[in-house]
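What follows draws every value from the coordinates through simple rules; no lab data is involved. The shown structure was predicted, so the numbers you read here are calculated from the model rather than taken from an experiment. Heads up, the Cβs are rebuilt from the backbone with ideal geometry, glycines too, and the neighbour counts pull from every protein chain shown.
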Amino acid sequence: MAGLNLLPWREAARKESQKKFVVMVVGAIVVAASTVFGVFSFYQDQINKQDNRNKYLQAEIKTLDKTIAEIKKLDVTRKALLDRITIIEGLQSTRPGIVHLFDEMVKSLPKGMYLTSLEQKKTKIKLEGKAESNARVSSYMNRLDMSPWLSSSALNIISIDTREKTDRLRNFSLSVTQLLKPGGEGDSDNGN
C-alpha cells in the first residue's frame, strides 16, 4: 500500500494548470499592452518630430516670404531709378541739340524772311513764317538740309496772303527733322 496516494492530486493538478494559464494570459496581456504602448509611443514621437519640422519650415517660409516682398520692393525702386536715369541721360544727350537747333535755324535764315511759329514733336519740327519770295524759302530749305543738325526739309505749303496788299509776303510752312547726336558729340567745337 505504500504506492497509493489518496490525496486529491487531480484537483491540485487542475489548480496548478489554471494558475499557469492565468499567469500566461496575464503575461500575454502585459506583453501585448507593452507592445501597443511601445508602438504608440514610437508613432507619437514621430508625429511630434514631424510637427516640429513643419513648424520650422513654416517659420522659414514666412521669413522667405518677407525677404521676397522686400526684394520685390527693391526691384520696383530699382526699376524706377533706372527709368529716371534713362530720362536724365536722354535729357543730357539732347541738351546740346536744342542749342544747336536754334543756332542752325538762325544761321541758315536768309534775309527777307522771318519765322512766326516753331513746333517740335520729338525730332520732327514744323516751321511757319513769311518770306519775300519763293526763292528765299527754297534757299532756306537748302541751308537746313546742309546743316549737320537738321535734315529732310519738306515744304508743306506756300501761299500769298491776299489781305495784305502792301507787303505781298508769302506765308510758308515746312517741316524738318532734327538729327540727334549721341551724348555731347559736336560740343567739342565749342570746348564744352
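The figures follow:
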item: Qualifying positions in region 101-126 - basic (Lys, Arg), under 23 Å from MET146 (Cβ atoms) and outside any helix (DSSP H, G or I); result: LYS111, LYS122, LYS124, LYS126
item: Test for ILE98: is it surrounded by 10 or more Cβ atoms within 10 Å (Cβ to Cβ), under 46 Å from the mean Cα position of the chain (by Cα), under 30 Å from SER147 (Cα atoms) and of a type in the set (Val, Ile, Thr); result: yes
item: Residues satisfying the stated conditions in region 115-133, i.e. surrounded by 12 or more Cβ atoms within 10 Å (Cβ to Cβ) and of a type outside the set (A, V, I, L, M, F, W, C); result: GLN120, THR123, LYS124, LYS126, GLU128, GLY129, LYS130, GLU132, SER133
item: Among the residues listed as THR94, THR77, the single one being in a helix (DSSP H, G or I) and either in contact with a His (Cβ under 8 Å, 6 or more places away or on another chain) or in contact (Cβ under 8 Å) with a residue 60 or more places away in the chain (or both); result: THR94
